[in-house]
Structure formats: C-alpha cells, structure tokens
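Peer 1: Before I ask anything, here is the structure I am working with.
The values are calculated or read from the model by the stated rules, or taken from the named source; none is laboratory data. From a predicted model like this one, the values you see are computed outputs, not experimental measurements. So basically every Cβ, Gly included, is an ideal-geometry build from the backbone, and we count neighbours across all protein chains shown. What goes into the accessible areas is simple: the full protein's heavy atoms, side chains included, and nothing from ligands, DNA or RNA. Shrake-Rupley method; radii C 1.70, N 1.55, O 1.52, S 1.80 Å.
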Amino acid sequence: MKFVVITHDPDVADAARQGFHPSDECHVFEDWNRALDMAGDADLLFVDMLATLTEPHRIAGYEDFAMSKMSHPRSQKTPLVLISPPEDYDLDFMAGWPDFVFGHIRRPVDYKIFRRASTWV
C-alpha cells in the first residue's frame, strides 16, 4: 500500500514512518503541492491541517489546499484523512465540503494511529 503524509511536525512524520507496515510506501512532504502530485495512486492521503495554513489561525490556507486537491488531475479521488490542530488551537472559521474528508485524526498523533488507519483501506 502507499500512503502520503503532509506535515511540518517532525513528531507526526516520525509516527507515520513507524506506523505503517515495512512493505508499505510512506512518503512525507511539507509542501502540499508536491504531495498532491505524488498522491494520485496513494491508498490514503493524510494532511496535517497546520501544514496547510499560510497564516497562523487563518483557515484560508486549508481552503486553498482543499480546492487544489478537489481539482487535482491525479489526486482528486484519493481518500483524505485530516489531522486536526490541537484542541486549544483557534481558527478564524471552519469550512467543510460534503464527502471531502474520509477520516479524521485528533492529536496527539502516534504510530498506533497510522497503523490503525492503514486498515481503513
């Protein structure tokens, strides 16, 4: 199986690398544009919402990511798993699109969460 993870958090990246089976592919990116190009044949695409924000606490960066993913020729159909910000992280607004998010992971994130998520496909 192939998994793509978008995050700036080294702890989330390490958890992903440890969580998947050794025979699985796990690609971690900080740049979501590069990740979308790689995610066309992925089984799951994980996105850390904080990695999409262009300004702290402003949802606009996540909305830009979402619009790009939904129109991306390769990755638009790849199931998305959202890694939410910490509970005490304030956002100016939260938008949603029907059927956009396949799964949702709350922090703190550890390798067991990725191991469990790999069974979703």
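Peer 1: Taking the conditions exactly as written (crowded, with 20+ Cβ neighbours inside 10 Å, of a type outside the set (K, R) and touching a Pro at 6+ places or on another chain (Cβ under 9 Å)), does A16 satisfy them or not?
Peer 2: Working: crowded, with 20+ Cβ neighbours inside 10 Å: yes; of a type outside the set (K, R): yes; touching a Pro at 6+ places or on another chain (Cβ under 9 Å): no.
So A16 does not fit the description; no.
Peer 1: For residues that are under 13 Å from the mean Cα position of the chain (by Cα) and in a loop (DSSP other than H, G, I, E, B), scanning just segment 87-106, find the one that is nearest to A66 (Cα to Cα). Spell out how you get there, then give the answer.
Peer 2: At the first step, the residues of segment 87-106 found to be under 13 Å from the mean Cα position of the chain (by Cα) are 100-106.
Among the residues that remain, those that are also in a loop (DSSP other than H, G, I, E, B) are: 100-102, 106.
Working: F100: 8, V101: 10, F102: 13, R106: 19 Å.
Per the stated criteria, the residue is F100.
Peer 1: Right, here's the next one. Tell me which of these G40 doesn't satisfy, since it passes every other one: (1) of a type outside the set (F, W, Y); (2) touching a helix residue (DSSP H, G or I) at 6+ places or on another chain (Cβ under 9 Å); (3) under 18 Å from V121 (Cβ atoms).
Peer 2: Condition not satisfied by G40: (2).
Peer 1: In segment 80-121, how many are open to solvent by less than 40 Å² (accessible area, probe 1.4 Å) and free of Cβ contacts under 8 Å to residues at least 60 places away in the same chain? Outline the logic, then answer.
Peer 2: Looking only at segment 80-121, we keep the residues that are open to solvent by less than 40 Å² (accessible area, probe 1.4 Å), and these are 80-85, 95, 100, 103, 105, 109, 113-114, 117-118.
From what is left, the residues that are free of Cβ contacts under 8 Å to residues at least 60 places away in the same chain are 80-82, 84-85, 95, 100, 103, 105.
Summing the residues that are open to solvent by less than 40 Å² (accessible area, probe 1.4 Å) and free of Cβ contacts under 8 Å to residues at least 60 places away in the same chain in segment 80-121 gives 9.
Peer 1: From (1) assigned to a loop (DSSP other than H, G, I, E, B); (2) modelled with pLDDT under 95; (3) touching a strand residue (DSSP E or B) at 6+ places or on another chain (Cβ under 8 Å), pick out the condition that doesn't hold for S118.
Peer 2: (1)
Peer 1: Cβ contacts < 7 Å: first residue farther than 21 Å from D9 by Cβ, restricted to segment 53-75; second residue among the polar types (S, T, N, Q), any location; separation 6+ or different chain. Result?
Peer 2: M70/Q76
Peer 1: Would you tally the residues in segment 45-82 being in contact with a Ser or Thr (Cβ under 7 Å, 6 or more places away or on another chain), at pLDDT 95 or above and either aliphatic (A, V, I, L, M) or on the phi > 0 side of the Ramachandran plot (or both)?
Peer 2: Looking only at that region, the number is 3.
Peer 1: Ok, one more. Look at P56 and say whether it is out of contact with any strand residue (DSSP E or B) (no Cβ under 9 Å at 6 or more places or on another chain), open to solvent by 50 Å² or more (accessible area, probe 1.4 Å) and under 14 Å from P85 (Cα atoms).
Peer 2: On the way: out of contact with any strand residue (DSSP E or B) (no Cβ under 9 Å at 6 or more places or on another chain): yes; open to solvent by 50 Å² or more (accessible area, probe 1.4 Å): yes; under 14 Å from P85 (Cα atoms): yes.
So P56 passes the test.
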